[in-house]
Amino acid sequence: MKKTVLLFCVCVMGYSVMAQSEDVSEIRLAKNEISSNILDLVIAGSLNVTYERMLNNNISLAGSATFFDTYGYYDAGYLESTNAVSFRASANFYVSKRRQFEGLYFYPLLKIRTGEVTSDYDVYIYNDQGDFEQTDRRNYDISGFSAGLGLGNKWLIQDKFTVTVFGEVARNLGKNLEKENADLGNVEPRLGINFGYRF
């Protein structure tokens, strides 16, 4: 009888430990994350929302929308207003073999943007002859399509909250933005500090 009771207790404890480890793994392997780039908000006043879906093999897909967008941070100090909106898609490849969907990662990205920016100063452009000239307008169109690469690092806190630091560079593949504003160029760098929540 004692052996039966002892065996029963061991089985119940074993089941309890397995259930707890399953709960931990379910929490640890949450498949969705929503985050926002706080650095964009502070520097340029842009509101960013990013959704990331974790797949298999430390690969995830992410999509983000940025409202009141700017072109990199070139015009952030002279920004009067913006109605630009951008959408970005990326595939994130996490390089850690020990951790799931955290640590160092890299990603290719595609981005489309539409809208116009109004600055505090008259815009300079490069004309068709390649000369630098001042215009009498203060607004310029930053619409276009770009592709690029990024590198980042993600920390997972209490299996629910994330802090991500990243940098990316994208090449404008659409129109020549230097005809809209000579300060812009066709390469757009961007930095970010995202705070997120996994579920």
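The values are calculated or read from the model by the stated rules, or taken from the named source; none is laboratory data. Just so it is clear, the model here is predicted, and its values are computed rather than measured. Here Cβ is always computed from backbone atoms with ideal geometry, including for glycine, and neighbour counts include all displayed protein chains. Note: accessible area is taken over every heavy atom of the protein model, side chains too, but ligands, DNA and RNA are not part of it. Shrake-Rupley method; radii C 1.70, N 1.55, O 1.52, S 1.80 Å.
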inquiry  = Quick check on this structure: which one of 89, 65, 147 is within 17 Å of residue 177 (Cβ to Cβ) and either within 16 Å of the chain's Cα centre (by Cα) or touching a residue at least 12 places away in the same chain (Cβ under 8 Å) (or both)?
reply    = 147
note = Subset of region 71-92, residues touching a helix residue (DSSP H, G or I) at 6+ places or on another chain (Cβ under 8 Å), open to solvent by 20 Å² or more (accessible area, probe 1.4 Å) and in a loop (DSSP other than H, G, I, E, B), comes to 73
remark   = Counted residues in region 135-190 being within 28 Å of residue 125 (Cα to Cα) and assigned to a loop (DSSP other than H, G, I, E, B) come to 17
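Is there a residue in region 93-108 that is of a type in the set (A, V, I, L, M, F, W, C), surrounded by fewer than 19 Cβ atoms within 10 Å (Cβ to Cβ) and more than 20 Å from residue 169 (Cβ to Cβ)?
No, region 93-108 contains no residue that is of a type in the set (A, V, I, L, M, F, W, C), surrounded by fewer than 19 Cβ atoms within 10 Å (Cβ to Cβ) and more than 20 Å from residue 169 (Cβ to Cβ).
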remark   = Here the qualifying pairs (Cβ atoms under 6 Å; residues six or more apart or on different chains; first in region 178-199 and in contact (Cβ under 8 Å) with a residue 24 or more places away in the chain; second hydroxyl-bearing (Ser, Thr, Tyr) and open to solvent by 60 Å² or more (accessible area, probe 1.4 Å)) come out as 178/126; 182/124; 182/126; 183/74; 184/74
query = Out of region 123-171, which residues are polar (S, T, N, Q) and open to solvent by 20 Å² or more (accessible area, probe 1.4 Å)?
reply = 127, 129, 134, 135, 139, 143, 153, 158
request  = Looking for whichever is under 17 Å from residue 154 (Cα atoms) and of a type in the set (Phe, Trp, Tyr) here; the options are 68, 87, 93. Which one fits?
outcome  = 93
inquiry  = Suppose we keep only residues that are part of a strand (DSSP E or B) and out of contact with any helix residue (DSSP H, G or I) (no Cβ under 9 Å at 6 or more places or on another chain) within region 56-70. Which one would you say is farthest from residue 39 (Cα to Cα)?
reply    = 59
key: Condition met for residue 109 (touching a residue at least 40 places away in the same chain (Cβ under 8 Å) and either in contact with a Gly (Cβ under 9 Å, 6 or more places away or on another chain) or part of a strand (DSSP E or B) (or both))   = yes
